[in-house]
Structures are given as structure tokens and as C-alpha cells.
Amino acid sequence: MVSTVQVERTDADVVVVGYGPVGRLLALLLGRAGRSVVVVERQPAAYPLPRAVHFDDEVGRILQSVGLPPTALTDCVGAYDDLYEWRAADHEPLLRLDWRGLGPSGWHVSHFFHQPGVERALDAQVEGLEPVQVLRGWRAVSHVQDDEGVTVRLESADGGAREVRAAYLVGADGANSVVRSWIGSQVTDLGYFREWLVVDLVLDADADTSLFTPPAWQLCDPERPTTLVPGGPGRRRFEFMRRPGEDLDELAQEATAWRLLEPWGVGPEQAVLERHAVYTFQARWCDTWRAGRLLLAGDSAHLMPPFAGQGMCSGLRDAVALAWRLDLVLGGLADDQVLDSYGPERSEHVRHFIEGSMALGEVICLSDADAAAARDVAMRADLAAGVEQPPRPLPRLGRGLSRADAGGGLLSLQAEVVGIGADGAEVSGLLDDVVGAGGLLLLGDPALRSALAPADTALLDSLGWRVVALGDEPGEGVVVDSTGTYRDWFAGLGAVAVLVRPDLYVLGSATDAADLTALLEHLRSALRAPAVSAR
């Protein structure tokens, strides 16, 4: 007679494997939408050391949407409102990037932060959500997928076993993703491999920081390319490239870290060595991000060199792009096929950042003295001639849900507006703070409301997307474009209306009232949702 052991089983809408920044944000977004989530994390406790140190204005807006704007993060240095310089071996400038001022998402272009602290802030938000359960000390070992869902078997370090049954499974489990192996995705690898020693320091209050001016800069010395950036309040991040033929074991030693820090006036008397580790920078992305009910996000789907500071940023974009789709599918407001567009959109987008990061690295990482000297001559000539550096890239999404028009697939803008608050009083602030975050139909004129058919309004209402018009006076559903940002944006697109998805990207822009009707029909078709009136 065969005995069977009952295994505890948990049911959920979504199971997320991995509880790094991407898994945290995805669980938070789905939980806030009322979706039940089980997060599986093999580590019994949060990783205490920093990894990413930079996020951009778009991520600032994403964090704003979950109640964690950059100004509220105590583990963020604050807005980086300075230049970012590249310097030659003699420390003279080769290039200056202007990182001052606001980016298109309404926050500063760059912020430097301490990752464990920001993760704790996300944890506090997740812990208050009843639909989200975090299982620490468990790892996903196998799965069975069928037409109705996916069952994941888990094991703990002490030999325990349990199962989670969910409609969808998301692998946010990093570069060595088990979920990616289950999907069997092919990986496009650009063959980029560079070893760097990454060193994180906590500085004493009286430490000499005169060499950290500006706070972020890049030493393009062929003897030892080096990165110097803030790592959060009171912290510094140094990255030292491995020289050709240098022994990896020796490079990984603590004594090596202190030796390389000596020229920067930093020693054990001025700082605590929080972390030192050799990392291999890589450049690759998955060709397939979905297989049935299994999906990928973050480092499980892509890796890039850190020179543009976009690794974690790209993963958080994945989480937002996936969360709103899963929410609509689980709520019956979109067909399951809407998930097919997630991978093509995101892989095309992230590819631009990977290739851009590689291009920066090829300039920074020159170890041949003659090639570096030629580079320095050319860059100094450009600097002396006042050649302006192009702004950071804002690539368009790959083919997917967005319409092929002037705005479709581009990042939307956020700027200051004046509106009416819940108490009826006039209020000014960033758009999302005034009208709320999420999907948005932004009209260039309040009169365009008359162009919306009842079925169109019902569709937007069912999705929870707002309709807001730009006007001369604030009112119900009307805001004033106090900086002229939206006026200029609409003019550049040749648009009278812009439809913005919950992940902050433009689904499409309309050139007139008739095109607005066509744009909303595109939304209805893209989601494959039945007519609202039929429901």
C-alpha cells in the first residue's frame, strides 16, 4: 500500500519567484490592485549590501506612483543637480554631461541611493497589503502548467515542501533564473565580458571628499579605468576595471581594495569597507519573455553593463509594464493575448540601453595607451569647441499594444499643473499628484470631451483610466498647464490628445476629434475586451 503525504497548497492570482527590487515592485503593484500574490524568495533574509546605486527620473515617477517619491526616500542622496564628467589620466576633463535640472518624468535625471534602504521602504508598503504573502527561505524547484494555471513546487532548506497554484508565474529571480530555464528562452548574448572590482564605502563624517567633485565622475585612465559615484547618504561607490592579465583572486582581496583606494585619500581611518566584490559586466537579453503562463522580468530577462545606470531601472520598467497587463487579464478586462506584447515591447526597449551602455564602456575601458591618447585628443577638441553631448536616449517601445503614430510607444511627460483638490481648493503639483497615477487620456482642450462617445467613456471608466483636459482655469477634470510643458509636447506631436498607459508610455496620440475616436477603438481592439455595454 502506497502512502501519500499531504503537501500544503496556497492559491493565488500570481506567484512571483524572486524578491529583489523588481519582485518587490511587481508584488506591490499587483497587491494594490487587489490581486493575490505569493512571492517565493530563497534567501531567508533581505540582502544587506548595496548593488544598484542609481535611478533616473522615470523610476522616480514610478516610485512616486506607489507613495515613495524620491523626496521621501531617506536612503537617497537627493536630486543629483550637477555635471557628470569623464576625465583623462591627468584628471583633466574630457567630456561633461549636464545632469542638472528635471527630466521628462518630472524628477531629476539622476538619483543616487542605498539599495537596502530603498528595498526596506518597498517592504513596508508590501507588508501592509493583505493580498500579498512573502515566503522567505523557499525555492521553486519544479512546475506543472495547464490550461487553467500553473502549480509550483517549493522546497525549504530544512526539507519542507509546499505548492503554490496560480494563474501566472513571473520569474524575477535574477541572472541565474530557474524560471528562464523552465521557459527555455534563447538568449542574445553580445559577447561583452568585463571584470570590475566593485567597492562600497561608508565614509566618516570628517573624511576628505575634495576629490569627489563633481560627486559623480569617470576616470578614463588606461592604466586603471575607475568609476566614482555616490552610493547613498554618507556612502561612496568605486569601480575599478581589471587590467589585462591581472589575477582575479588577487583583485578580489580586501587588501587590493584598500590599495586601489589609497590615491583617493581613502583608508581604514576614513571609511568602513562595506563590500568589495569582482563582477563580470555582461550584455544580453532573452528572445522569449513568455511561455504560456510563465513570464520573465528584470535580470532574468536582460543584463547590461552599468555605465548608463539603467540595469535596475530597466527591471522596474518591466514590473510596471507587466503589472497593468496582468491586472486587466485577471479582471477579465483584457484577453490573455495582451501578455504576448510584453516581451517584444520590453526587449526592443532594453536593447537600446544595453547597446548604449556598451558604447559608453568601449570609450571608458580603453586599456591601450596609444588608443586612449587618440581618444583624449579627440574628446578634448570637442570639449574646447563646445560640442554639446546629446541628451540621454528615450527609446520607443518595440511593437506591441501602442499605435504606430507620432507618440505611440514613447515615454509620456509629467510636469507641474494646477488643478482642484478633493477638498475643492486649488492645488498645484506634479500631474500624478494632482489627478492621480495610472492610465490617462489627456485632452488638449476641454471641448474635446464632446468627441467621446458613451461607449468610449464607459471603456475608460471600466479600465480605471482618467480623462483630464488642459484648460485656462482649473476645474473638475481640468488642469492648467502652468509651465507650458504639455502645450509644447502636444505641438511637437501634432496632437490634440494623448492616451497614456499605466506604465507611463503613450498608447497613441490623436491629431483631431475623428482620430481620437480611432485611437480609442485601437485601445478596445488591442485589449480584445468585449464591449462594455455587453457586460
**Prompt:** Tell me, which residue of region 386-403 that is modelled with pLDDT under 95 and among the hydrophobic types (A, V, I, L, M, F, W, C) is surrounded by the fewest Cβ atoms within 10 Å (Cβ to Cβ)?
**Reply:** 387
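Residue-by-condition table, conditions (1) in contact (Cβ under 8 Å) with a residue 60 or more places away in the chain; (2) among the hydrophobic types (A, V, I, L, M, F, W, C):
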| position | (1), (2) |
| --- | --- |
| 404 | no, yes |
| 410 | yes, yes |
| 413 | yes, yes |
| 418 | yes, yes |
| 425 | no, yes |
| 432 | yes, no |
**Request:** Spot the failing condition for residue 459; the list is (1) surrounded by fewer than 15 Cβ atoms within 10 Å (Cβ to Cβ); (2) under 30 Å from residue 521 (Cβ atoms); (3) in contact with a helix residue (DSSP H, G or I) (Cβ under 7 Å, 6 or more places away or on another chain), and only one is missed.
**Result:** (1)
**Request:** Report yes if some residue within region 34-49 is out of contact with any Cys (no Cβ under 8 Å at 6 or more places or on another chain), modelled with pLDDT under 95 and on the phi > 0 side of the Ramachandran plot; otherwise report no.
**Result:** no
**Request:** Sort out which residues of region 364-377 are surrounded by 18 or more Cβ atoms within 10 Å (Cβ to Cβ) and in a helix (DSSP H, G or I), and write them in order of number.
**Result:** 364, 372, 375, 376
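Table: residues versus (1) crowded, with 17+ Cβ neighbours inside 10 Å; (2) assigned to a loop (DSSP other than H, G, I, E, B); (3) not basic (Lys, Arg).
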| residue | (1), (2), (3) |
| --- | --- |
| 240 | yes, no, yes |
| 259 | no, no, no |
| 266 | yes, yes, yes |
| 278 | no, no, yes |
| 295 | yes, no, yes |
| 307 | yes, no, yes |
**Prompt:** residue 380 passes all but one of (1) under 20 Å from residue 497 (Cα atoms); (2) surrounded by fewer than 19 Cβ atoms within 10 Å (Cβ to Cβ); which number fails?
**Reply:** (1)
**Request:** Please work out if residue 402 is hydroxyl-bearing (Ser, Thr, Tyr), in a strand (DSSP E or B), closer than 24 Å to residue 325 by Cα and under 30 Å from the mean Cα position of the chain (by Cα).
**Result:** no
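I'd like to verify a number: residues in region 131-150 that are without any contact (Cβ under 8 Å) to a residue 40 or more places away in the chain and either in contact with an Asp or Glu (Cβ under 8 Å, 6 or more places away or on another chain) or in a loop (DSSP other than H, G, I, E, B) (or both), how many? Explain how you work it out, then say what you get.
Just the residues of region 131-150 that are without any contact (Cβ under 8 Å) to a residue 40 or more places away in the chain, to begin with: 141-142, 144, 146-148.
Filter once more, so that each one left must be either in contact with an Asp or Glu (Cβ under 8 Å, 6 or more places away or on another chain) or in a loop (DSSP other than H, G, I, E, B) (or both): 141, 146-148.
So the answer is 4.
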**Fill in**
residue 283 vs (1) part of a helix (DSSP H, G or I); (2) surrounded by fewer than 24 Cβ atoms within 10 Å (Cβ to Cβ); (3) touching a Pro at 6+ places or on another chain (Cβ under 7 Å): all pass except (1)
**Fill in**
The number of residues in region 73-104 that are of a type in the set (Asp, Glu) and outside any loop (DSSP other than H, G, I, E, B) is 2
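Just need a number here: residues in region 393-402 that are within 17 Å of residue 343 (Cα to Cα), free of Cβ contacts under 8 Å to residues at least 60 places away in the same chain and out of contact with any Pro (no Cβ under 9 Å at 6 or more places or on another chain).
We begin by selecting, within region 393-402, every residue within 17 Å of residue 343 (Cα to Cα); these are 395-402.
Filter once more, keeping what is free of Cβ contacts under 8 Å to residues at least 60 places away in the same chain: 395-396, 398-400.
Retained after the next criterion (residues that are out of contact with any Pro (no Cβ under 9 Å at 6 or more places or on another chain)): 395-396.
Final tally of qualifying residues: 2.
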**Message:** Tell me yes or no: at least one residue of region 487-503 is in contact with a Ser or Thr (Cβ under 7 Å, 6 or more places away or on another chain), modelled with pLDDT of 95 or more and assigned to a helix (DSSP H, G or I).
**Reply:** yes
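Yes/no per residue for (1) surrounded by fewer than 18 Cβ atoms within 10 Å (Cβ to Cβ); (2) closer than 30 Å to residue 332 by Cα:
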residue	(1), (2)
176	yes, no
181	yes, yes
184	yes, yes
192	no, no
195	yes, no
211	yes, no
226	no, no
234	yes, no
**Asked** What are the residues in region 114-129 that are out of contact with any strand residue (DSSP E or B) (no Cβ under 7 Å at 6 or more places or on another chain), in contact (Cβ under 8 Å) with a residue 60 or more places away in the chain and not in a helix (DSSP H, G or I), if any?
**Response** 129
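The values are calculated or read from the model by the stated rules, or taken from the named source; none is laboratory data. This is a predicted model, so every value here is computed, not measured. Reconstructed Cβ throughout: ideal geometry from the backbone, glycine too, with neighbour counts over all protein chains shown.
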